[in-house]
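Structure, as structure tokens:
The values are calculated or read from the model by the stated rules, or taken from the named source; none is laboratory data. Every value quoted in this text rests on a predicted model; they were computed, and no experiment measured them. Cβ placement follows ideal geometry from the backbone for every residue including glycine, while neighbour counts extend to all protein chains displayed.
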Amino acid sequence: MCAAQHEIAYDRHRLRQWLDGEAKADGVTRRRLLTLLAATATATALPMGNPARAADSPIVKPTPPESFIQRGTNAETRWEALNGTGHHTPNALFFVRNHTATPVLDATDWRLRLWGDGLRGRPAEGKPVEFGYDDLRALPSVTRTAFVECAGNGRSHYATQQGQTVPGTPWTLGAVGVARWRGVRLADVLRRAGLSSCAVDVQPRGLDAEYVSGGENLGRVRRPLPLAKALDDVLLAYEMNGEPLPYDHGHPVRVLVPSWVGIASIKWVGDIEVSAQPLYSPWNTTFYRLFGPAYPQDGTAPLTRQTIKSAFELKSGATFTAGERQVLHGRSWSGAGGVVRVDVSTDGGTIWRRARLHDRPRSDTWTRWSVPWTPRTPGPTQLLARATDTAGRSQPDTAVFNTQGYLFNAVVRHPVTVL
Ligand SMILES: Nc1nc2c(c(=O)[nH]1)N[C@H]1C(S)=C(S)[C@@H](COP(=O)(O)O)O[C@H]1N2
Ligand SMILES: [Mo]
């Protein structure tokens, strides 16, 4: 390999380390480092366009304030920004949940390694089975529409509606998005890797930086998935809404676990352990289980399916003119099945009307709906929406408290003012 190529490879490696937060700045400001490295990125034509991001930003794509609420390493989609968009959340508007920072990975040198005692042959002797990006693209592909939703979506409403204090990112309702994912079945990859009949759990792990919480290094983001789910409908996705998977959403390949809490859908997957024994990580023990007075002493089993929710495509505190006809739009979704019915109240919960549905109810995705409204009385009021799914679940008035504020499912009171 010639020197110039060496240099480019070296610089790109450094860029990735820096974006991963690994670099020691050594007196050089991050802004200066980014300027130095931006030329490298352009020269080597990264597939997703210019990956340069604002200095110190953990997210690559622009997250303008009219579309996103910044929340540390995360960005929450503003529901008003979804108004007038189609069934699928545009990639530019999709929320981002990063434990650390988006790593800028290159599909050409990416490998997926499968290892563990749940595989037959070589991997059982410690030699992983490897798939490159092109290997995955050569396998039969499947496309499916599914939401990704953080288990903590709606968490802030434990405090604002129920007076309960919970730690964690205070999401309103924008830690959810629906995309059309294309990729290969995890089942196909596991079978090609030599899945043994002893396997019980698989554990995908991300290539983003190790996660440090409360002074403790918890290692790379990883969460076990029972084999039954892994073989059912889980994808290794490389496309999102017809585009190569964007950097922030797991480029080049992420796991996509339909209907389950977002943490199951590991981004930037680098390896998958296949195990003959149940696996544990912080993300299915300390985190993503329910603890609290209403739950067993040692907590519930690890979270799987998402709960049921509704949101208006409207900003909090929106104003309306008395006597003017409006059409209120919103979306409702559930991890247990399609949403078949939505009831809306425009007077704080006294009178309810059935909303008109704009999608055929389907599992793993939301149903869009609308309801006309001509406000009469000036003053503050609250808009409420209550969904019911095919499993017969519907949103309660109060969510059952859990110490980490997961799975908020109560009807959210959306404040507006009539002028
Ligand atoms: N490797 C890795 N995978 C990850 C995460 C992460 O920080 N690192 N965050 C998880 C969480 S908590 C959620 S809610 C979803 C968010 O996916 P998105 O950022 O594409 O919206 O990714 C999950 N997968
Ligand atoms: Mo999440």
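At a glance:
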{"item": "Segment 400-419 - residue that is surrounded by fewer than 22 Cβ atoms within 10 Å (Cβ to Cβ) and hydrophobic (A, V, I, L, M, F, W, C) and, of those, farthest from the chain's Cα centre (by Cα)", "result": "L419"}
{"item": "Set S310, S370, S332, S316: member being surrounded by fewer than 19 Cβ atoms within 10 Å (Cβ to Cβ), touching a Phe, Trp or Tyr at 6+ places or on another chain (Cβ under 9 Å) and within 25 Å of F68 (Cα to Cα)", "result": "S316"}
{"item": "Residue in segment 254-262 that is closer than 20 Å to P128 by Cα and either within 12 Å of ligand 1 (Cβ to nearest atom) or of a type outside the set (S, T, Y) (or both) present", "result": "yes"}
{"item": "Cβ-Cβ under 8 Å pairs, at least 6 apart or on other chains, segment 223-248 side within 22 Å of D135 (Cβ to Cβ), far side hydroxyl-bearing (S, T, Y) and outside any strand (DSSP E or B)", "result": "Y238/Y133; Y247/T102"}
{"item": "Count of segment 259-275 residues which are more than 22 Å from G116 (Cα to Cα), in contact with a Leu (Cβ under 8 Å, 6 or more places away or on another chain) and more than 14 Å from ligand 2 (Cβ to nearest atom)", "result": "0"}
{"item": "Subset of segment 156-204 (residues that are under 24 Å from P278 (Cα atoms) and either of a type in the set (S, T, N, Q) or within 16 Å of ligand 2 (Cβ to nearest atom) (or both))", "result": "S196, S197, Q203, P204"}
{"item": "From A175, A179, residue being within 13 Å of ligand 1 (Cβ to nearest atom), in the same structural domain as E273 (by TED's automatic domain parsing) and touching a His at 6+ places or on another chain (Cβ under 6 Å)", "result": "A179"}
{"item": "Some residue of segment 243-252 being within 16 Å of ligand 2 (Cβ to nearest atom) and on the phi > 0 side of the Ramachandran plot", "result": "yes"}
{"item": "Residue count for segment 80-100, restricted to those that are of a type in the set (G, A, S) and in contact with a helix residue (DSSP H, G or I) (Cβ under 6 Å, 6 or more places away or on another chain)", "result": "1"}
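Listed here are the residues, each with its yes/no results for (1) away from ligand 2 (no atom under 14 Å from the Cβ); (2) basic (K, R); (3) closer than 22 Å to H251 by Cβ.
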site: L105; (1), (2), (3): yes, no, yes
site: L114; (1), (2), (3): yes, no, yes
site: R122; (1), (2), (3): yes, yes, no
site: G126; (1), (2), (3): yes, no, no
site: D134; (1), (2), (3): yes, no, yes
site: V148; (1), (2), (3): no, no, yes
